[in-house]
Amino acid sequence: MNAATSFAVTYTIHVGSMAFTPSAITVNPGDVVTWVWDNGTHTTTSSRVPAGAATWDKPITSADPTYSYIPSVLGTYNYQCTFHFTLGMIGTIYVVNPTISVASVVTDPIFKIFPNPASEIIHLQLSQSLIPASVSLTDITGRQVMSRNNVTISADFNLQSIPNGSYIISVQQGDAVRKQSIVVTH
């Protein structure tokens, strides 16, 4: 994993009720855009992308409920539902250069998590035990599957009821927020 990939963010666009929600997002190259089916029969189909960017045309239905795309070229990506674009079911992705200030780059992690991949329990160890932390675990669609507040020093999380897959663990301690991907395999 390179440095750019480790800072990628996943954006979720809900598909249903003749709309993409949200209909416009701004992302950085390498971020993940995931369309998630809510209802109906739809597509996510590129209608205009920057030169050199890959096009797409994917169903978003109950049988194909998600599709993910990683834009790599700066510019504006327009997309639509092939069936409903005349009804205004269109969307836009703006891909811009990331802006990182020197103050936002932190070299000291605020937590360690192990094992990763995990099957039954994952152990979280905070670097600073004086400040309580809020911890959340979200799936790739952004849905929170587990959370805990006021974690100090360390905590164990039982993953037995969590389905296999990739997740993001977020730890907020004071103003600092750090995220790490974890894999659950039973």
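Where a number appears in this text, it was derived from the coordinates with a stated rule and is not lab data. This is a predicted model, so every value here is computed, not measured. Glycine gets a Cβ as well: all are built from the backbone with ideal geometry, and neighbour counts include every protein chain shown.
Taking Cα centroids, how far is the stretch 36-61 from the stretch 128-181 in Å? Here the two parts' Cα centres lie 31 Å apart.
So what is the relative contact order for the stretch 114-170, in percent, with contacts set as C-alpha pairs under 8 Å and at least six apart?
Numbers: 91 pairs, mean separation 23.6, N = 57.
Relative contact order here is 41 percent.
Normalised by the number of residues in the chain, the mean separation of alpha-carbon contacts (under 8 Å, six or more apart) gives a relative contact order of 17 percent. Every Cα-Cα pair in the stretch 106-184 was counted, and those over 15 Å apart are 50% of them. For the stretch 3-95, the relative contact order works out to 32 percent when only alpha carbon pairs closer than 8 Å and six or more residues apart are counted.
In plain terms, the chain from Leu74 to Ser62 could stretch by 1.2 nm, reckoned as 0.36 nm per residue minus the Cα-Cα distance. In the chain, the ratio of gyration radius to Kirkwood radius, Rg to Rh, stands at 1.02 when only Cα atoms are counted. Put in line by how crowded their Cβ is, counting other Cβ atoms within 10 Å and starting with the fewest, Tyr167, Tyr77 read Tyr167, Tyr77. Taking the Cα centre of the chain as reference, the dipole from Cβ charges on Lys and Arg (+1) and Asp and Glu (-1) amounts to some 140 debye. Per-residue ellipticity at 222 nm from helix content only, as computed over the chain with -39500 (n - 2.57) for each DSSP H run of at least four residues, stands at -500 deg cm²/dmol.
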